[in-house]
1. So the check is Cβ under 7 Å with 6+ separation or different chains; which pairs have a first residue in region B:781-807 that's under 19 Å from B:Thr422 (Cβ atoms) and a second one that's among the charged types (D, E, K, R) and surrounded by 22 or more Cβ atoms within 10 Å (Cβ to Cβ)?
2. Quick check, is B:Val597 free of Cβ contacts under 8 Å to residues at least 60 places away in the same chain, closer than 27 Å to B:Asp668 by Cβ, buried (at least 24 other Cβ atoms within 10 Å of the Cβ) and in the same structural domain as B:Ala667 (by TED's automatic domain parsing)?
3. Which condition does A:Cys105 not pass, out of (1) within 14 Å of another protein chain (Cβ to nearest Cβ); (2) free of Cβ contacts under 8 Å to residues at least 60 places away in the same chain; (3) under 16 Å from the mean Cα position of the chain (by Cα); (4) surrounded by 20 or more Cβ atoms within 10 Å (Cβ to Cβ), if it passes all the others?
4. Could you say whether any residue in region B:214-223 is more than 14 Å from every other protein chain (Cβ to nearest Cβ), closer than 23 Å to B:Ala638 by Cβ, part of a strand (DSSP E or B) and more than 15 Å from the chain's Cα centre (by Cα)?
5. Exactly one of these conditions fails for A:Ile120: (1) surrounded by fewer than 16 Cβ atoms within 10 Å (Cβ to Cβ); (2) at pLDDT below 95; (3) within 14 Å of another protein chain (Cβ to nearest Cβ). Give me its number.
6. Among the numbered criteria (1) at pLDDT 95 or above; (2) in a helix (DSSP H, G or I), which one does B:Thr545 miss?
7. Taking the conditions exactly as written (touching a helix residue (DSSP H, G or I) at 6+ places or on another chain (Cβ under 7 Å) and among the polar types (S, T, N, Q)), does B:Ser15 satisfy them or not?
Amino acid sequence: MELGDFLKGATEIGKAMGVTLKHLRQKPVTVEFPYEEIPIYPRFRGRHELRRYANGLERCIGCSLCEAACPTEAIYVEAAENDAEAPLSPGERYAKVYEVNLLRCVFCGDCEEACPTEAIVLGHDFAMANYERKDFVLTKEQLLNPGMPKVIIRPE
Amino acid sequence: MAENVTLTINEQEVSVPARTLLVDAARMAGIEIPVFCSHPKLDPVGCCRMCLVEVDGPRGTAMMASCTMPVGDGMVVRTDTEQVQTVQEANLAFILLNHPLDCPICDKGGECPLQDQTMRFGPGISQLIEPKRLAKKHYDISDTIVLDQERCVLCWRCIRYLEEWEDKPQLGLFERGNDTIVDIQDGRPVDAKTGGNIIDLCPVGALTNRVSRFAYRPWEIERTPSVCMHCSMGCNLRLDTRTHQLRRIVGRENMQVNDQWICDKGRFAHGWVNDEKRLTAPLLRKNGELTPVQWSEALAFVADRLKSIREQRGPDSIGAIGSGKVSNEANYALQRFMRAVIGSNNIDHRDGGEVAAIATGVPALAELMKPQYGPDPKVDTVLLFGIDPSEELPVLDLHLKRALLRGGGKLIIAHPRKIELTKYDGPYLVCLPGEEAALISRLSRAVQDGGAADDSGPVAEAAGLLAASDSALIIYGPMAARGEGGPAVRAGLAGLAQAAGQGARLAYAGLDGNAQGCRDMGVLPDRLPGHASLDDNNLRERIETLWSCSLSSSAGYTYKQMLDSQEMRALVVMGADPADESPDWAAGLEDLDLLVVCDLFLTETAQKADVVLPAAGWAEGDGTFTNLERRVQRAPKAVTDPKSRAAPDWMILTHLAKQMDAAWPFADARSVTSEIAEIVPGYAGLTWEALGDQGIQWDAESVAVATAAPTDQVGEEEVAAGTDADGEYPLTLVSGTVLYDGGTLFRLTEQMQGMAHGATVSLNPADAVDIGVEAGAPVRVQSDVGSLELTVAVDEQVQPGSAWIPESLAGAPVGALLNGGYRQRVRLERR
């Protein structure tokens, strides 16, 4: 019995050491994040972005449907009438105020789904730490000019 | 009236009055039939074909438009068959052929009948691949209404409203077939005073609100039922708010007051509520400058000064001015403050003690109304005496027009101007300021002679109508009964009503939103709350016990006396602006030892004040308002400005009373209402719950009718005083209210500024030729107390020998010519 137990234990230790030794030979999976890039899946949902048309006009028309779809009331939209001479968006209406509160947002993507013009999309930027609470409210200005523009891949 | 008819809808037996339309019968039975053109308050037209249902007839089953089809006995109707569904789907597909589907940017999106019905009854898929019709979008058909012709589904509701209710066919259909569009006539904008109602009626987003455009989405606003405070009609409104801002106002149905219509001022002129110029902190004059201070400092200062003035000069050197623009609670608190804390009856409001009013206002508005489906109005003849509903009470104007056109009513008008309602062929009696009493006595005599008087023309015609009527109503306004001649006018009109027979009644219509409530609360120098006279011992004792004070028994100064008198040392002004009315008063206010102004804005008067207290306005405070038919209605709090330190008037006065050692039991507006219910007999038992959202009319029987004895012998001699046509001042000055004036509550709505009445003096064409001025000529209008620079307008409405200058025009206060008086003669000089 005693010999049998000893041999069994030694085998187990050998197995465990084997795993350890195997990994010793491999490259580490840890990424030195701020200094190294992380692969992101195309449909990853990160920081929001407001898109523009190729001619520079804002896609957002201030319809507030994203606000209505948002389960956490993270979005605030205030619409206004476009100046016919210098419109900001196609049509009569544009978003005068567009704010996303990142502290409330759960990154569910319902706003993307609701948007009739594909204006709001969730981008790939996930590093959103900040020092002040007020800095977590993204203004329209910040949303229109994201640091990391997103390539759109929509579900069919 | 009509007997009942029984029919079967979807195998369900329904019994409804004869001549009911099928669509309404189905609604009564709880069966929904989709409609676009049909509306319960407009005549049926049957143009959208959405309401087709199957009706069994002698020649088999047929598809019938249920909105034009009256019910018949034994009719068998089906609304849920496959055939009906197919037709509904096809119809919606047809309507949507040219509808742009720009719902995300359409203000109607979210509360749109077309959206709702497409989801409920539509085909679910679109077969259209062709391009849609293009037409005018964001097309302003007035300063306040935007038309989008692409969205229009040609239901005719707007056209029918303007024709059937406003009697101003300002919209029409143009072109034919696929190109049919709604448009204004010959480029003339829609200027009907209640034109905004077509926005509420539109079943799609074709007509939208310019003032509220893109400022709200229906799913994110809070809706508060409220009442309008622009005039004394007390129309029911709904306030739509979001993020502490009033975003939109729409009409709310009250079949006793406004049906479901409201006027454009009530709908659009709400810019002042969230204006940046609103007072947000108490101001105290330090070194000649009004400086923001804490409430405690401002109130302590006021209390201190009032106490010392009362000690040194006696309580009667202090006065208070209330206002028909603020709630019952505010007015009640103000008069309690004056009577109990200060100990004086020096309390009044504009159009208060100076006007010979009738305590009970107007009998009931419902007696003047002709709803779409309902009996003719009870009142068959209306005499408007010195009141112009088109400018002063626009929804009453709507009711009257409807009563004339559809209810068989008759209208007699006595007014200094040939007002808009005179277009309805009723007799028009010219009645310049000062001629009221003479006109009444001529009219009374003619009525007594049975309409066959020596007078010919309009007076005889009017007398004939009055004598022939079973139920006449004489409505007079403050313009006709101001000043010393007022009681004689009231007595004369009472005599006229008596002469006109059993059913004739006399009514008084105040003009400010809470004019009636202000009187009910006792904001009068010679009346306690509830119109009780100062020597009504019963009420006095009750009040003295409740307030634990002793009331002064001598009548106080009226509004005018307070402002004219040199004895006044301190004034508390709440919601009024006397400095704007007279240069003398403005100068007098500067000389006061203490002027406290409680208002929303830094008015002319507030600029002269020692202390300015910021008040919470109508939308921010909770309170009750009483309209001209004595209907007490609640206007709950709808918005809160978190940055503002403004407080409701009753709260300011409660704290002020506390500083002056009087403990009032008011914790909230509701507790003030319950004290009012305890003291004012008409308001007995009134609670906010009982008021609900339709209000309660207080019982006219509760007031001992103390109006002057009717007389038909009113001063002929006054005529002489009114018509001293000396050469120096050849014209009689006519003033009065216009709807779109230059007042703060109107002017601050930017989009409406173009609609405001210009700074003009209007003359009869003949007078303009005589004087040698033409429209647009710059003139100086001179009276013996002042002068005013205006431009000339020529208007047929203005009677020969008179000059019409409305009150509170921006930058042109007619007060400069009147100087606190009511009658004045003027001359024009070209400048």
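1. What qualifies is B:Gln797/B:Arg417; B:Val798/B:Arg417; B:Gln799/B:Arg417; B:Trp804/B:Arg417.
2. yes
3. Here A:Cys105 clears every test but (1).
4. There is at least one residue in region B:214-223 that is more than 14 Å from every other protein chain (Cβ to nearest Cβ), closer than 23 Å to B:Ala638 by Cβ, part of a strand (DSSP E or B) and more than 15 Å from the chain's Cα centre (by Cα).
5. Answer for A:Ile120: the failing condition is (1).
6. Just one mismatch for B:Thr545, condition (1).
7. Answer is no for this residue.
Listed here are the residues, each with its yes/no results for (1) farther than 24 Å from A:Met128 by Cβ; (2) in contact (Cβ under 8 Å) with a residue 60 or more places away in the chain; (3) out of contact with any helix residue (DSSP H, G or I) (no Cβ under 7 Å at 6 or more places or on another chain); (4) not polar (S, T, N, Q).
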site	(1), (2), (3), (4)
A:Leu21	yes, no, yes, yes
A:Arg25	yes, no, yes, yes
A:Val31	no, no, yes, yes
A:Pro39	no, no, yes, yes
A:Arg59	no, yes, yes, yes
A:Leu88	yes, no, yes, yes
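The values are calculated or read from the model by the stated rules, or taken from the named source; none is laboratory data. Being a predicted model, the structure only gives us computed values, none of them experimental. Don't worry about glycine lacking a Cβ; one is built from the backbone with ideal geometry, like all the others, and counts go over all protein chains shown.
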